[in-house]
């Protein structure tokens, strides 16, 4: 093996330091220590007065957004069923959505489907702070654990809705009377009156 050729100055340092057992060990990264070292190297002068007045106080203000609200409802008709989902944002904007469900099924299944469609939309929008309102006492109380899911055809919907609720995090479910669920009810009813031509 050959050593690289050293300059005159480096060669003298190399010979001088060979009498000592010096071993170079690279320092491990200590990320949290960097800020502490900076503060030690940059002490606050003694004559510097601390003040409680913050000129950029508005910039440091954190506004807590009120949660979104979601109302869901269903309407059955002879061609299938329809679902209405209405979101009300924290700025009170109203976002209505409606869906036509082609299969014929029970009202409780359609209620679950309406809820699931709304929850999937909330997950896609990453709206993690949500209050959900529905006029189906059965669906809401089954999800809250007050009622047992006895019908096998509801079990799949119940489990999937619970999974979506788990993904959303801060969510509350509340049963409301049909009169308080007018927007979603009106959307579902409107879709149920529309006659869409069959696509063949």
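The values are calculated or read from the model by the stated rules, or taken from the named source; none is laboratory data. Everything quoted here is computed from the prediction, not taken from an experiment. FYI the Cβ positions are ideal-geometry reconstructions off the backbone, even for glycines, and counts take in every protein chain you see.
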Exercise. So which residues in region 143-164 are crowded, with 19+ Cβ neighbours inside 10 Å and more than 20 Å from residue 75 (Cα to Cα), if there are any at all?
Worked result: 143
Problem set entry | Residues (touching a helix residue (DSSP H, G or I) at 6+ places or on another chain (Cβ under 6 Å) and under 14 Å from residue 72 (Cβ atoms)) located in region 125-137 | 130, 134, 135, 136
Seminar exercise, completed: Taking region 121-138 and keeping only residues that are free of Cβ contacts under 8 Å to residues at least 40 places away in the same chain and in contact with a strand residue (DSSP E or B) (Cβ under 6 Å, 6 or more places away or on another chain), one is left with 137
Problem set entry | Flag for residue 118 being part of a strand (DSSP E or B), crowded, with 17+ Cβ neighbours inside 10 Å and either modelled with pLDDT under 70 or in contact with a strand residue (DSSP E or B) (Cβ under 9 Å, 6 or more places away or on another chain) (or both) | no
Exercise. Are any of the residues in region 67-74 at pLDDT below 70, touching a helix residue (DSSP H, G or I) at 6+ places or on another chain (Cβ under 8 Å) and under 30 Å from residue 110 (Cβ atoms)?
Worked result: no
